[in-house]
Each structure stands twice: as structure tokens, then as C-alpha cells.
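So the structure is just underneath, and the comments pick up after that.
The values are calculated or read from the model by the stated rules, or taken from the named source; none is laboratory data. None of the values given here were measured: they were computed from a predicted structure. A quick note on method: Cβ atoms are made from the backbone with ideal geometry, for glycine too, and the neighbour counts reach across all protein chains shown. Side chains are part of the model used for accessible areas, which takes the heavy atoms of the whole protein and leaves out ligands, DNA and RNA. Shrake-Rupley method; radii C 1.70, N 1.55, O 1.52, S 1.80 Å.
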Amino acid sequence: MPQSILLIEDEESLARFVELELTHEGYSVRKCFDGREGLETALRDSFDLILLDIMLPSLNGLEVLRRFRREKSTPVILLTARDAVMDKVNGLDTGADDYITKPFAIEELLARIRTALRKQPAGAAGDQMSVGPVCLDALRHTVTVNGAPVALTSREFQLLQYMMENAGIVLSRETLLSTVWGYDYMGETNVVDVYIRYLRQKIDEAHDVKTLHTIRGVGYVMKTEDNHV
Ligand code: CA
């Protein structure tokens, strides 16, 4: 099955051009021309990736992203206007995976799409797993703790999934960084600690459980308190 992309973009000529190029590359593409329709489509149907313009009628892209991220972890690439630095910062804070500045070369967009899709966890259909009270559904991109849904960003989801797949095994920062962020990651190495902190807040602290453990000087491990996973 081709990978599916939802394109939310109100400039119809640009949307048609991008659709044509993506279809040519073998993706299946759906278009929405305003924010509200785009959000509804993104929440209702399942896509491998979302391309989201920021300046949109009825609901702007950042608001679409904010509401979308409460429920789903599908990768999102923002389409931003030139030099809209605040949009980029806000977008990444809101849970975008990447952004591309208009006007862009189609080759650059294709490269970013490939990267974003590659970073996605390779969950088999219906792939569900649990560690104690934490359940993760890789297909639906949902996480629950004691049955209550947890809203994670795409990166938080990838980190959690990798830790759950390796539950009970102590994972070093370097391992997490190279696996979840990729070997080409050029940012700060303490990004792992930052994201572990986000996960702890959303999972352990918000639900009064203890699943994410620090092993001093070594790394992190996901397990339930009594060591049974
Ligand atoms: Ca626009």
C-alpha cells in the first residue's frame, strides 16, 4: 500500500503542484483547503504524514497542530512563510516534526518527507504493547495509562515506543539518541534527558505511576516497580 499524505494548504495551485509531485513519487495524497476541514480529516482518517500550512482560513495551522497533537502522533511537517521564525519555534514547541520554508524546492520537500517517514516507528498492524499500566498502540499512535489517554508529540511517542520495546533493559543516552533521533542528529545530547522529563510528567507524574527509571551514570530503563514487565 502506498504511504498516505494529508496536505492541508489553501493555495490551490501550490497544493495541486505538490499533490502531482507526491503522487508521481508513489504517495497517495489527500488535500484539504482550510484548517477546520484539515483537522477533522486528520483526526478521522489515518495518514502516514501530514503537510500543514500555517496561514490557513477558518483555523490556523498552529491551532490545527495543537488540537491534533492532543490525540495523534502522526508526523507533521509545517509549511511556513519565509522568515517566520516565531512560527517555526511555536510549531516545533507544539509538536511539529519539521518545517520547510516557502518557496521550497520540491526535492527538499521530498527529502524531508522521507526523513520524517523513516523516523516513524515501524509498528506492524495492530501492534500493541504494554509495560505495567502503560499501553501503546503503534498502529493508532495512541498511548494510555490505566486506560486514560495520554497526548504525546511524535518524538515522545517514538522514544516511549523504543523504551517499551526494550522494557527491562537499561538504555544509554547514546543508544536512545542514535535510535530515536538518528545518527545525523546535530543537537544537544541532553535532549534525551529533556524528553525523558516530558514523558515522566505526562505518564508517571500525571497518573501517579512509576515506569521510567534513571540508572545513574548509565541511562534509563522502562519497567514497573516490581521489575515485572
Ligand atoms: Ca496559506
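Miscellaneous remarks
- For the chain, the longest principal axis of the alpha carbon atoms and the long axis of helix 35-44 meet at an angle near 50°.
- Rounded to the nearest 20 debye, dipole of segment 4-118 from Cβ charges on Lys, Arg, Asp, Glu: 360
- Where labels lie 7 Å past Cα in the beta-carbon direction, separation of ASP34 and LYS102 in nm: 1.7
- The portion of the accessible surface of the chain made up by carbon and sulfur, rounded to a whole percent, is 49 (1.4 Å probe; DNA, RNA and ligands excluded).
- All Cα-Cα distances of the chain, cut into 5 Å bins from zero to the largest, leave 1, 6, 14, 18, 18, 16, 11, 8, 4, 2, 0, 0 percent in each bin in turn.
- Couplings 3J(HN,Hα) for segment 133-144, derived from phi with the Karplus relation 6.51 cos²θ - 1.76 cosθ + 1.60 (θ = phi - 60°), are x, 9, 10, 10, 10, 5, 6, 8, 6, 10, 10, 10 Hz, where x marks Gly and Pro.
- Cβ-Cβ FRET estimate between ALA111 and SER58, R0 fixed at 35 Å, reported to 0.05: 0.70
- For segment 1-116, with +1 on Lys and Arg beta carbons and -1 on Asp and Glu, the positive-most of ILE54, CYS32, ASN90 along the dipole: ASN90
- Cut-off under 5 Å, modelled amide H: who pairs with LEU171 long-range: TYR220, VAL221
- Remark: segment 18-27, residue by residue, has Karplus-estimated 3J(HN,Hα) of 5, 4, 4, 5, 5, 4, 4, 7, x, 8 Hz, where x stands for each Gly or Pro and the curve is 6.51 cos²θ - 1.76 cosθ + 1.60 at θ = phi - 60°.
- Percent of beta bridges antiparallel (DSSP, the chain, rounded to nearest 5): 50
- Based on C-alpha pairs under 8 angstrom that are at least 6 apart in sequence, segment 128-222 has a relative contact order of 29 percent.
- Surrounding net charge for LEU110, when Lys and Arg each add one and Asp and Glu each subtract one, Cβ distance under 12 Å: -2
- The mean accessible area for residues of the chain, using a 1.4 Å probe and ignoring ligands and nucleic acids, is 51 Å² per residue.
- Straight-distance crosslink candidates among aspartates and glutamates, where the alpha carbon sits under 18 Å from LYS202 and sequence neighbours closer than 8 are dropped: GLU71, ASP93, ASP137, GLU156, ASP193, GLU225
- Inter-centroid distance (Cα atoms) of segment 19-85 relative to segment 194-208, Å: 27
- For the chain, averaging the sequence separation of C-alpha pairs within contact (under 8 Å, six or more residues apart) and dividing by the residue count gives a relative contact order of 14 percent.
- Potential lengthening between MET129 and THR214 on full extension [0.36 nm per residue; Cα-Cα distance subtracted]: 28.4 nm
- Extension gain, ASN146-GLU174: 0.36 nm per intervening residue step, less the Cα-Cα distance, totals 7.0 nm.
- Pairwise FRET efficiency - GLU12 versus ASP93, Cβ, R0 = 30 Å, nearest 0.05: 0.55
- Rounded, prolate or oblate (a/c below 1.5 giving rounded, otherwise prolate when a/b exceeds b/c) for segment 4-118 by Cα gyration tensor: rounded
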